[in-house]
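Everything below concerns the one structure shown next.
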Amino acid sequence: QKEVEQDPGPLSVPEGAIVSLNCTYSNSAFQYFMWYRQYSRKGPELLMYTYSSGNKEDGRFTAQVDKSSKYISLFIRDSQPSDSATYLCASHIQGAQKLVFGQGTRLTINP
Amino acid sequence: DVKVTQSSRYLVKRTGEKVFLECVQDMDHENMFWYRQDPGLGLRLIYFSYDVKMKEKGDIPEGYSVSREKKERFSLILESASTNQTSMYLCASERTSRQETQYFGPGTRLLVL
């Protein structure tokens, strides 16, 4: 079993829709949770990170962590064609020197 | 802004060739990483380094080696390239005190024929 599982999609939604991207993880010691966005032929860029359970909001993006169910979510409101990318969730243990990534979900927002 | 650069965007090599991929970061980060990214498999860690001349194996180190002679530079070496090493290679760096934030380079697409 992978430590971080993510549905690879692809996911295709119309412009303006609310998008929900999800991951599950198996290691209870994970403390930091990140979302990276990767445009085609580019390296991943950090979108958001959270520490511990709860919600974190940044503009149209909300990251949510539920440690009790080991579930990580990213919500995108008012989705735009420019949000079309692959979204990768990642986790790590405090003090550990490596991230564990999900497979990535390919998202397309249709105008 | 943090900048992580990689020496090549695209490379084509032949089986058996020695391949060098270079990564440079300009933010004095202690930690540097090499990943490969393949469809359906996501990012997999090959090697990382937390200091000059220090290296640690990641999840898939076989067939690779690394070198970190200077803090800003981390090189990945394929001693004898094979077709199953055709992949996208990504370098990343982070500050030890901010391990929630890894910064990635643009990637090198390597094709081994």
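The values are calculated or read from the model by the stated rules, or taken from the named source; none is laboratory data. Keep in mind it's a predicted model, so treat the numbers as computed, not measured. In this analysis, Cβ positions are derived from the backbone assuming ideal geometry, glycine residues included, and neighbour counts consider all displayed protein chains. Note: accessible area is taken over every heavy atom of the protein model, side chains too, but ligands, DNA and RNA are not part of it. Shrake-Rupley method; radii C 1.70, N 1.55, O 1.52, S 1.80 Å.
Listed values, structure above:
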quantity: Mean projection area, nm², convex hull over Cα of chain B; calculated: 6.6
quantity: Estimated inter-spin distance, residue A:51 and residue B:54, nm [label 7 Å along Cα→Cβ]; calculated: 2.1
quantity: Low-density loop cleavage sites - trypsin sites (Lys or Arg not before Pro) in the range A:41-111, where at most 16 other Cβ are within 10 Å (DSSP); calculated: A:41, A:42, A:60, A:67, A:77
quantity: Solvent-accessible area, 1.4 Å probe, carbon plus sulfur percent, for the protein assembly as shown; calculated: 48
quantity: Interface area, B with A, accessible, probe 1.4 Å, both sides summed, Å² nearest 100; calculated: 1800
quantity: Gyration tensor (Cα) of the range A:20-69, equivalent ellipsoid semi-axes in angstrom; calculated: 21, 14, 9
quantity: 1.4 Å probe accessible area per residue over the protein assembly as shown, in Å²; calculated: 47
quantity: Per-selection metrics, the range A:63-110 (Cα): Rg and Dmax in Å; calculated: 13.2, 41
quantity: Label-zone membership for the range B:10-32, site residue B:79, 7 angstrom Cα→C-beta point, backbone N under 15 Å; calculated: B:16-20
quantity: Distance cut-off 19 Å, percentage of C-alpha pairs in the range A:4-110 lying past it; calculated: 39
quantity: Debye, to nearest 20: dipole size of chain A, +1 on Lys, Arg Cβ, -1 on Asp, Glu Cβ; calculated: 260
quantity: For the range A:4-110: relative contact order, % (alpha-carbon pairs under 8 angstrom, 6 or more apart); calculated: 39
quantity: Positive-end extreme of charge dipole, the protein assembly as shown - chosen from A:102, B:32, A:19 (charges on Cβ); calculated: B:32
